[in-house]
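All remarks here apply to the structure that follows.
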Number of protein chains: 2
Amino acid sequence: MTGSMIVKNEVRRIASFLACVCLLVIPGISANAQAVDPLPSWANGGVKQAIKAFVADVTSEGGANFVPRAKRIAVFDNDGTLWSERPWVQGLFIEQMLRNAAKRDPSLGDQQPYKAAIENDREFFEKGGMRDYQVAIRRTLTELNREDFDAEVQAFFASARHPVLDVPFQQTVYQPALELLDFLRANGFKTYICSGGGVDFMRAMSGDFYGVETDEVIGTSYKKELHEIDGKWVLVSTSELNTFNNKEQKAVNIDLHIGQRPLLVMGNAGGAGDIGMLGYSQGREGLSLQLLIDHNDAAREFAYAEDDNASLNAAKKNGWHVISMKDDWLTIYPQGDN
Amino acid sequence: MTGSMIVKNEVRRIASFLACVCLLVIPGISANAQAVDPLPSWANGGVKQAIKAFVADVTSEGGANFVPRAKRIAVFDNDGTLWSERPWVQGLFIEQMLRNAAKRDPSLGDQQPYKAAIENDREFFEKGGMRDYQVAIRRTLTELNREDFDAEVQAFFASARHPVLDVPFQQTVYQPALELLDFLRANGFKTYICSGGGVDFMRAMSGDFYGVETDEVIGTSYKKELHEIDGKWVLVSTSELNTFNNKEQKAVNIDLHIGQRPLLVMGNAGGAGDIGMLGYSQGREGLSLQLLIDHNDAAREFAYAEDDNASLNAAKKNGWHVISMKDDWLTIYPQGDN
């Protein structure tokens, strides 16, 4: 944490304390949650104001833009939107699964991608990109039953650390995103994840990390089959892809799972994966809000952009709000920034 | 409504009124919801006692069988479980869509299945079974966008009446099922529908009829595509099946949408469609409850069974609770029984 961050955090802590004291001791001021800033990690810029005005608008009973609770649906991408995606965390999990498989069957150790996982050969995986990951996923993550898979993910998160930030992954989630999730839920929104990540992988961490329950997660999935094993019915994953939840497919799967256009969508620039669901949300009758994170903060997070700037261009064309990580977020991580 | 039903309803109404008065006027009695029977349409038999004991058990904080709210998932079949399935309501809707299509293009009027729909040729559809319905669905329900489809379903329910009971379809839902849904929700359960019916068809009525929101409905679906039409992104259905949500596939889709084994499942005997999800629920670690409706009440509803009794046999083998419509339900329909 830098010196200026410490000062900033201290000022915020004192301000929060004073706000609490005021609510307790000054008669006539009710303990109204609005009195305390619900988004303290967000700079007082246009994006924060837009979010607060939007939520006030759609929750104003009797107002022209009032939206009933059943239609207050907020959808978030995961990688690069709720937590850092450099490196891709699920990829690290897959590499651990490969190493585990090679431990069980040492003859695999000379073959790729097991060899690369054992030798922590980052170049191999980074060059191969999604293709090699897909092969690896099929070899290691399928043919596992639902409960065993959960246990593997839990075991991974119990010990794994971010290779650059050197912290457990729960500390690589974005503090401003956590505050936004809480703020929306306090205002009657249901908060969903819709991500290219594996749905079962995310479900094993989304409750602890974000307060997003298993039935609020939409992701990439493989087809499963119901088998009776030792008198008990279990679901077993096949290696046949069910849905790769990216780009247009995110809108398709939001419809499949949620059945209505989201009132609010937040995604990020990076792989152009969120344009489809942002646009689908904007097609909603009446008000809606679209938020797109720009990863422009090399000092505190990771700076990267798309070659063709597709997401930022779409945001400009369609009037979506762009979140500058550098300028709009006072803090990135829950435990402060390094 | 029979004379005995009128008397029964009147007695229940007076009992409810007296219970309310007691809560209001007798000091020291708190307005505890448990004081009023939450399942007044259920006979005081073993099934009702099992449901109440189960809910008390899983909601007892500190108890050995306590289940946190995020895991209180109840899943209901729809046709024959939440409302009458004789005839299949979605089939009637499809026939209306066929008639509408023939109105727009009169050349269709001489072709099947349009001709049968126009002439109300029940035999044609009953003989053809699912096969003809499938053809009809593909011809009339696909290539519609999401919002237009909703409007078609709403229009259908605004005027359609049950051909035997001669009431709007909202009066063909089962009163005991409505009470169970309310009772579970009051105890922190999320209540889902998982049915072989079309997911978009059910979503257009499940909120009004059952208080089940669009994101709590799992059903049969066709693949969709995101198209930009006149500058707006809309989802358009193709004629390619995405999932036929029946039998084992119900367990698969519960996992896809909810991501955990349900705590409670209620289905019905008729097409053996619910055995898979009942068994999947029972495989849950710890307590779970399985309920299977037996349509044995020819006087008040419709009496039918499976040729091989597969569902009732599975219930017997696995210890699932069988609901005898004749004996366990005092009332079938919200407005009383004819």
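Details
- Among the numbered conditions (1) open to solvent by less than 70 Å² (accessible area, probe 1.4 Å); (2) more than 8 Å from chain B (Cβ to nearest Cβ); (3) touching a helix residue (DSSP H, G or I) at 6+ places or on another chain (Cβ under 7 Å), the only one that A:Lys247 does not meet is (1).
- Unique residue being farther than 20 Å from A:Tyr210 by Cβ and at pLDDT below 95 when the list is A:Val135, A:Val153: A:Val135
- Residue check, B:Leu39 part of a loop (DSSP other than H, G, I, E, B), modelled with pLDDT of 90 or more and closer than 28 Å to B:Asp208 by Cα: yes
- Within segment A:217-228, the residues that satisfy the criterion of being open to solvent by less than 20 Å² (accessible area, probe 1.4 Å) and over 19 Å from B:Phe244 (Cβ atoms) are A:Val217, A:Ile218, A:Gly219, A:Thr220.
- Tally of residues being more than 20 Å from A:Ile193 (Cβ to Cβ) and either touching a residue at least 40 places away in the same chain (Cβ under 8 Å) or crowded, with 23+ Cβ neighbours inside 10 Å (or both) across segment A:278-290: 2
- Complete set of residues in segment B:205-228 that are small (Gly, Ala, Ser) and modelled with pLDDT under 95: B:Ser221
- Residue check for B:Ile275: crowded, with 23+ Cβ neighbours inside 10 Å, within 9 Å of chain A (Cβ to nearest Cβ) and β-branched (Val, Ile, Thr): no
- In this entry, A:Leu144 is excluded by the filter for residues that are modelled with pLDDT of 90 or more and open to solvent by less than 80 Å² (accessible area, probe 1.4 Å).
- Scanning segment B:302-321 for residues that are under 16 Å from B:Gln282 (Cα atoms) and free of Cβ contacts under 8 Å to residues at least 60 places away in the same chain yields a total of 10.
- As a summary of the residue check, B:Thr172 satisfies the conditions (1) within 14 Å of chain A (Cβ to nearest Cβ); (2) among the polar types (S, T, N, Q); (3) crowded, with 19+ Cβ neighbours inside 10 Å except for the one numbered (1).
- Qualifying residue in segment B:241-248 (condition: on the phi < 0 side of the Ramachandran plot and touching an Asp or Glu at 6+ places or on another chain (Cβ under 7 Å)): no
- Among the residues making up segment B:223-244, those that are more than 30 Å from B:Ala314 (Cβ to Cβ), out of contact with any helix residue (DSSP H, G or I) (no Cβ under 6 Å at 6 or more places or on another chain) and not acidic (Asp, Glu) are B:Lys223, B:His227, B:Ile229, B:Gly231, B:Lys232, B:Val234, B:Val236, B:Ser237, B:Thr238.
- Residues of segment A:193-228 satisfying the condition of being hydroxyl-bearing (Ser, Thr, Tyr) and either over 21 Å from B:Pro68 (Cα atoms) or within 11 Å of another protein chain (Cβ to nearest Cβ) (or both): A:Ser195, A:Ser206, A:Thr214, A:Thr220, A:Ser221, A:Tyr222
- Restricting attention to segment A:159-183, the residues that are closer than 18 Å to A:Lys326 by Cα and in a helix (DSSP H, G or I) add up to 7.
- Residues of segment B:291-313 include none that is surrounded by 19 or more Cβ atoms within 10 Å (Cβ to Cβ) and within 12 Å of chain A (Cβ to nearest Cβ).
- Hits in segment A:78-99 - residues which are open to solvent by less than 10 Å² (accessible area, probe 1.4 Å) and farther than 30 Å from A:Asp110 by Cα: A:Asn78, A:Gly80, A:Thr81, A:Leu82, A:Trp83, A:Ser84
- Within segment A:314-338, the set of residues being open to solvent by less than 20 Å² (accessible area, probe 1.4 Å), out of contact with any strand residue (DSSP E or B) (no Cβ under 7 Å at 6 or more places or on another chain) and not hydrophobic (A, V, I, L, M, F, W, C) comprises A:Thr331, A:Tyr333, A:Gly336, A:Asp337.
- Tallying residues that are more than 8 Å from chain B (Cβ to nearest Cβ) and either at pLDDT below 90 or open to solvent by 30 Å² or more (accessible area, probe 1.4 Å) (or both) within segment A:229-244 yields 10.
- Segment A:256-267, subset over 10 Å from B:Asp215 (Cβ atoms) and open to solvent by less than 10 Å² (accessible area, probe 1.4 Å), residue farthest from the other protein chains (Cβ to nearest Cβ): A:Met266
The values are calculated or read from the model by the stated rules, or taken from the named source; none is laboratory data. This one's a predicted model, so the numbers in the text were calculated from it and none came from an experiment. All Cβ positions, even for glycine, are placed from backbone atoms using ideal geometry, and neighbour counts span all protein chains on display. Please note that ligands, DNA and RNA were not included when accessible areas were found on the heavy atoms of the full protein model with its side chains. Shrake-Rupley method; radii C 1.70, N 1.55, O 1.52, S 1.80 Å.
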